[in-house]
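The structure under discussion appears below in the form of C-alpha cells.
Laboratory data are not the source of any read-out in this text; all were calculated from the coordinates shown. Keep in mind it's a predicted model, so treat the numbers as computed, not measured. Here Cβ is always computed from backbone atoms with ideal geometry, including for glycine, and neighbour counts include all displayed protein chains.
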Amino acid sequence: MAPSLDIKLEHKLSNEEIIALDKQHVWHPYSSFNSPLTPFPVASAKGVRLTLEDGREVIDGMASWWSMLHGYNHPKLNEAAKSQIDDMSHVMFGGLTHAPAVKLCKTLVDITPVGLNKVFISDSGSVAVEVAIKMAFQYWISQGMSEKNKLITVKNGYHGDTFATMAVSDPVTGMHHMFESVLAKHFFVPAPQTKFNETFDEEDVSELRATLKAHHQNIAAMILEPIVQGTGGMRFYSPVYLKRVRELCDEFNVLLILDEIATGFGRTGKLFACEHAEIVPDILCLGKALTAGYLSMAATLTSDKVATGICEGEAGVFMHGPTFMANPLACSVANASLKLLLEGDWKQQVSNLEAKLLKGLLPAKELPQVEAVRVLGAIGVIELKQPIDMVRIQPRFVEEGIWVRPFGKLVYVLPPYIMNDEDVATLTAAMIRVVASI
Ligand SMILES: *Cc1c(COP(=O)(O)O)cnc(C)c1O
C-alpha cells in the first residue's frame, strides 16, 4: 500500500493532491477502491454552474441529485443560513422546540395533500423511509394487529440504502440475492407498465389485487414512488395506477406510504406527484429538495388517524428520535427555500423546462444506441440499449462542459428550475454528442 501523503491541516490542497488523497481514503456513493474512475474536484458553484479545481466550468444537469432547485450559492438561502447560525446552529429536539422547525412543519402541512397533519423531521431520505415503515408497523401493533408485519411494493422501486429500505427496493439493483440472509422479506408485485400518458390497462393491478387479497392480514403498508420510479429505472407511469393503489389499500385495510423524496417540490409539474392522481397517502416521505440542496434533511408526514393510532398503543409514544432531529440551520434554509418556491413561478419554470428538454433530447431517438427518450416535468431521460462504460464516458461529459452522471443504461438530467433556455440547449446538445459517440 502506498504511504499516505503528508498533509498539514492548513495546507491548501492542489487539484492533484485532492485526487490522490481521495483515491487512497475516501468512499463515494457506490464506489470501489479498485476502480480506475477518478472523481472531479469541485472548487465552488454558483447558479447552474460548477467550477472545478482545474479551472473548468460545467453546467450542472443533476441539481446535485434532484435537490438544488434554486441553483447554487443563492443569496436568499445563504442569508437564511448565516442569520440562523448567529442565533443557534443546533439544539436538541427532545423536550425543546424552536420557531424554524414549527414554521417548517406548518408549511409542509399546508402545501401537502389535505389530511397529512403530523410531521416527523429526520436527517436523510433513507431515514425518512425507515420512519415511515416504523410508523406503519407501530400503528398496527398499537391496534392489536401485530401480525400485519410485512410490506408490499412494486419492482423497479428505490427507497434508500439502509436495511429496511433496501428490503423494499428493486431486487436486482438492490442486490437482494447478495443480502438475502439479512434482509426482511416483503411482497413484490410487477412494476406498473402503463406509461404516464397511455390509456390505463387494468391488467396492471391484477397481481397487486391478488396478492393483497391473499395476504392482507399480514400486510401493514404498501410503499412506492408516485408517478416516477427514479433510481430503479427512471420510469414514468400512469396516474390511474396510483388511484387503483389507493382504492386497493382502502379495500384491504393496508396503509399507503408514498415516497416523494425525489418527486416532491414541483419536479414532475405538480408540487407533489401524487396530485397527478388526486390521492392522499397515509404516510408521505419528503427529502432531497427540502433544503434546496443545502443541508441534509428529510420529513415524514402522516395523518391524525395514524399518529393517534400509534400513540394510544402500549408504548404510548412513537419510538424514534434522531440526535440531529430538526436541525435549526436546515429548517431555516428549508423555510427560505419554500418561500422562494411558493412565491416564485416554479410551475412556469418546470413546464418550460419540460418543453425545452423534450425539444433538445428528442433528436437522440434517431441514434442507433438509443432505446427511448422521455421527459416529464423537469426530468429528461435518454435510455440506451446497452449499459454505459462509465470510465470512458464520465470524462466525456466534462470535456463537453456539462455535468451528467449516468447509471446503467440511463443518461438523465434534472436541472435546477432556474436553468435558462440557452443553458438547457447547451446541456441537451452536449448530451446527444456524447451519446452519439458511445
Ligand atoms: C434518494 C432517495 C431516497 C434516499 O434518500 P437519501 O437521502 O439518499 O437517504 C429514498 N427514496 C427515493 C425515492 C429517493 O430518490
Binned at 5 Å starting from 0, the alpha-carbon pair-distance distribution of the range 356-438 in whole percents comes out as 3, 16, 31, 28, 17, 5, 0
Cβ density ranking, 10 Å radius, fewest first, applied to MET319, MET68 yields MET319, MET68
Ranked from fewest to most other Cβ atoms within 10 Å of their own Cβ, TRP27, TRP65 fall in the order TRP27, TRP65
Karplus ³J(HN,Hα) for the range 411-422 (6.51 cos²θ - 1.76 cosθ + 1.60, θ = phi - 60°; Hz, whole; x = Gly/Pro) runs 10, 9, 9, 9, x, x, 4, 7, 5, 7, 4, 5
ARG396 neighbourhood, Cβ < 15 Å, K/R = +1, D/E = -1, net charge +1
Going from the fewest other Cβ atoms within 10 Å to the most, one would list VAL102, VAL280 as VAL102, VAL280
In the structure shown, of LYS23/LYS46; LYS82/LYS347; LYS270/LYS356; LYS150/LYS270, the pairs separated by more than 23 angstrom at the C-alpha atoms are LYS23/LYS46; LYS82/LYS347; LYS150/LYS270
Total charge of the residues flanking ASN218 in space, meaning their Cβ is under 14 Å from its Cβ, with Lys and Arg +1 and Asp and Glu -1, is +3
Residues whose built amide H sits under 5 Å from the amide H of ALA298, excluding neighbours closer than 5 in sequence, are SER122, ASP123, SER124
In nanometres, the difference between 0.36 nm per residue of separation and the alpha-carbon distance of HIS215 and GLN193 is 5.6 nm
Cα-only Rg/Rh for the range 310-387 with Kirkwood Rh rounds to 1.28
Applied in sequence order to the range 359-375, the curve 6.51 cos²θ - 1.76 cosθ + 1.60 (Karplus, θ = phi - 60°) yields integer Hz couplings, x standing for Gly and Pro, of 4, x, 8, 3, x, 4, 4, 6, 6, x, 6, 9, 8, 7, 10, 9, 9
Of all DSSP beta bridges with both partners in the chain, the antiparallel percent, nearest 5, is 65
Taking Lys and Arg as +1 and Asp and Glu as -1, residues besides ASP60 with C-beta under 14 Å from its C-beta add up to +1
Here the alpha-carbon Rg of the range 78-343 over 2.2 N^0.38 Å rounds to 0.99
Relative to the chain, whose Cα atoms define the longest principal axis, helix 125-142 and its Cα axis are tilted in degrees, nearest 10, by 10
Phi angles of the range 327-333, converted by Karplus (6.51 cos²θ - 1.76 cosθ + 1.60, θ = phi - 60°) into ³J(HN,Hα) in whole Hz with x for Gly and Pro, give 3, x, 4, 5, 4, 5, 5
